[in-house]
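K.L.:
One structure is given below, represented as structure tokens, and several questions about it will come after.
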Amino acid sequence: MSNTAQIKEVQAYIESKINEKPEIGLILGSGLGVLGEEIENPTAIPYENIPHFPTSTVEGHKGQLIIGKLKGKTVVAMQGRFHFYEGYSLDLVTFPVRVMKAMGVKKIIVTNAAGGVNESFSPGDLMLIKDHINLTGHNPLIGPNDESFGVRFPDMSDAYTPALREIARNVAEKNGIALKEGIYAGLTGPSYETPAEIRMLRILGGDAVGMSTVPEVIVARHAGMEILGISCISNMAAGILPQPLSHEEVMETAEKVKNTFLTLVKGIIEEM
Ligand code: HPA
């Protein structure tokens, strides 16, 4: 079955369960799925029930799609995303973005937990993604280009929509949130980086490092969607502090920053 046919099948399946078309898509990163619990009149669809969706395996990811109302807007949220390091193809990693696009979603908020490369950051900081550096060595658009999805050579100059970043800054200021802004360096993982790699990322201009987001953003941009990216700095990247890195720390920090994260993202959705 072609990718297009699969997208249509999933779109039809989801639309059969909901009454209103979602206008905003949310991809919730490690420990940030809590936003899904704020959705009113939710329709939750476990990934295992959705045709062609893999069941997300990473701890802290629930693995369900939630459709409902947030700040008066109809949203579709992914509680748990698919990662390249889990062994899924980039086609599969980015499949939900294409489904969202098919359902009529025009704006997407991508969130993630990331390591702080910029030494002025602290764990618990929230960082607005200004731009990214794709260091995965891969691109989800490799292969024949389906012109109905987008152009062969999509422009990535303003991948993270300036107007949405402006909204995010304003909402942060209004709520007294010290929102950082910076460049997200995307690697495949799953091993964390070495201290030497983190020094390299800093020289390259990276402020945060993570193992997601880049493929989804490339596909969303290809599809002409507006994109907002927010990283939760869950830990300082390797070699900055004497302690080792762990997924537990990532989850703990996300839990601590939960309320600020919710205020920020809900405030942004209200203004979108
Ligand atoms: N490196 C890569 N990915 C991450 C990190 C990190 O330090 N923290 C959370 N996701």
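Values quoted throughout were computed directly from the atomic coordinates according to the rules given, and no laboratory measurement underlies them. Because the structure is a prediction, the values reported are computed rather than measured. Glycine also receives a Cβ, built like all others from the backbone with ideal geometry; neighbour counts cover every protein chain displayed.
K.L.:
Hey, does segment 60-77 have a residue that's aliphatic (A, V, I, L, M), within 16 Å of the ligand (Cβ to nearest atom) and either in contact (Cβ under 8 Å) with a residue 60 or more places away in the chain or buried (at least 23 other Cβ atoms within 10 Å of the Cβ) (or both)?
P.N.:
No; the residues of segment 60-77 include none that is aliphatic (A, V, I, L, M), within 16 Å of the ligand (Cβ to nearest atom) and either in contact (Cβ under 8 Å) with a residue 60 or more places away in the chain or buried (at least 23 other Cβ atoms within 10 Å of the Cβ) (or both).
K.L.:
Of the residues in segment 88-124, how many are buried (at least 24 other Cβ atoms within 10 Å of the Cβ) and within 16 Å of the ligand (Cβ to nearest atom)?
P.N.:
Result for segment 88-124: 8.
K.L.:
Could you run through segment 16-38 and say how many residues are more than 16 Å from the ligand (Cβ to nearest atom), touching a residue at least 60 places away in the same chain (Cβ under 8 Å) and not acidic (D, E)?
P.N.:
Looking only at that region, the number is 7.
K.L.:
On to the next question. Identify all residues within segment 109-123 that are farther than 22 Å from T194 by Cβ and touching an Asp or Glu at 6+ places or on another chain (Cβ under 7 Å); write none if there are none.
P.N.:
Across segment 109-123, the qualifying residue is only V110.
K.L.:
When residues of segment 178-236 are filtered for being within 18 Å of the chain's Cα centre (by Cα) and either of a type in the set (D, E) or within 13 Å of the ligand (Cβ to nearest atom) (or both), how many remain?
P.N.:
Matching residues across segment 178-236 total 24.
K.L.:
OK, next. Just give me the residues in segment 125-151 being in a loop (DSSP other than H, G, I, E, B), free of Cβ contacts under 8 Å to residues at least 60 places away in the same chain and away from the ligand (no atom under 16 Å from the Cβ), in sequence order.
P.N.:
I142, G143, P144, N145, E147
K.L.:
Ok, one more. With the requirement that a residue be surrounded by 24 or more Cβ atoms within 10 Å (Cβ to Cβ) and assigned to a loop (DSSP other than H, G, I, E, B), what does segment 214-249 give you?
P.N.:
If the condition is that a residue be surrounded by 24 or more Cβ atoms within 10 Å (Cβ to Cβ) and assigned to a loop (DSSP other than H, G, I, E, B), then A237 is the only one that fits.
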